[in-house]
Ligand code: SF4
Ligand code: SF4
């Protein structure tokens, strides 16, 4: 349970951040142009007063503070002089320009290192879309309860790796960052900025709505499971992660709750998670103590099953009981 509280807190903090930052930038623009006092509406005046108080907390030169965070948190962001970017940005830039930008490469390293060590945790713990796509499952449950049928079609997981390759090839051919048009975290971030600045959403909003409707009616968690090029990249980078969910088959009583909890359709009960697992820990939270847990698995060790069940011992136990 604690794992899920921490995970939700991180996800929600990310979402609050991407809502607050565009407002702070807008505030900065207003301050620089001496238009803060001219904002229409009492409600908006009060709102920008609150932002003013928040910004002053970080320094008296409010315009400078507002300028210190630039970009999109879920694509490439600069906080003071520190840059952090999504590795998919680098892939796009590499294929789009056929150039190696060392600054961009350095900016993806924090997330690359985290992923190599902890696996696809960006998906399970950071991506704002994960939280929203998980809500789709709840909507599906409500629809089922009121008698509306939903489908759950499976697709090949390979599709998302094909999307990654196809996106890279298209970026090479067109010279445009194709990923930025289909990658949900950046779509969401960009549309939110658009909404805050211009009061409208663009075509990215339509793409997101289509994904939501598809997941609700046709295939649960389809995007992350089968189609996300970012998900494919995170999976590849975290294939040999050091921290993995493992199962102790001696303790497991085959109740199957973990498999039901896994929205990625993996098989934690038999230790078959592979590189798709995002270490979200939902299976651990549903499991009895210690059967499933996070373990350190070194690259030369086999992951998945921590302790195999001793079938012989179990047979003997059953025989004794039946005698
Ligand atoms: S698969 Fe894509 S959309 Fe899903 S959580 Fe990962 S990065 Fe976000
Ligand atoms: S196996 Fe467990 S930790 Fe991995 S994705 Fe499924 S629920 Fe999350």
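Values quoted throughout were computed directly from the atomic coordinates according to the rules given, and no laboratory measurement underlies them. Here the structure is a predicted model, which means the values were calculated and not measured. A quick note on method: Cβ atoms are made from the backbone with ideal geometry, for glycine too, and the neighbour counts reach across all protein chains shown.
Below is a table of values for the structure above.
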| item | result |
| --- | --- |
| Helix axis angle, 203-217 relative to the chain longest principal axis, alpha carbon, degrees | 20 degrees |
| Estimated FRET transfer efficiency (residue 113, residue 5; beta-carbon r; R0 30 Å; 0.05) | 0.75 |
| Inter-probe distance in nm under a simple model that places probes 7 Å from Cα toward Cβ, at residue 101 and residue 13 | 2.8 nm |
| Where labels lie 7 Å past Cα in the beta-carbon direction, separation of residue 33 and residue 81 in nm | 3.1 nm |
| By average C-beta atoms within 10 angstrom, highest first, the peptides 185-191, 293-299 | 185-191, 293-299 |
| Nearest-ten-degree value, helix 184-198 long axis tilted from longest Cα axis of the chain | 30 degrees |
| 10 °C / 1.306 mPa s Stokes-Einstein diffusion coefficient of the chain, Kirkwood radius on C-alpha pairs, µm²/s | 72 µm²/s |
| Burial ranking of peptide ranges 234-241, 32-39 (average Cβ count within 10 Å, highest at the top) | 234-241, 32-39 |
| Where a label projected 7 Å from the Cα of residue 169 along Cα→Cβ would reach, residues of segment 205-239 with amide N under 16 Å | 229 |
| Pairs of alpha carbons in segment 191-276 whose separation is greater than 17 Å (percent) | 64 percent |
| At q = 0.13 Å⁻¹, base-10 log of I(q)/I(0) for segment 121-235 (Debye sum, equal scatterers on each alpha carbon) | -0.55 |
| Helix axis angle, 87-97 relative to the chain longest principal axis, alpha carbon, degrees | 60 degrees |
| Förster radius 30 Å - calculated FRET efficiency between residue 153 and residue 197 (Cβ-Cβ, nearest 0.05) | 0.20 |
| Value of relative contact order over segment 121-235, rounded to a whole percent, pairs C-alpha under 8 Å and six or more apart | 42 percent |
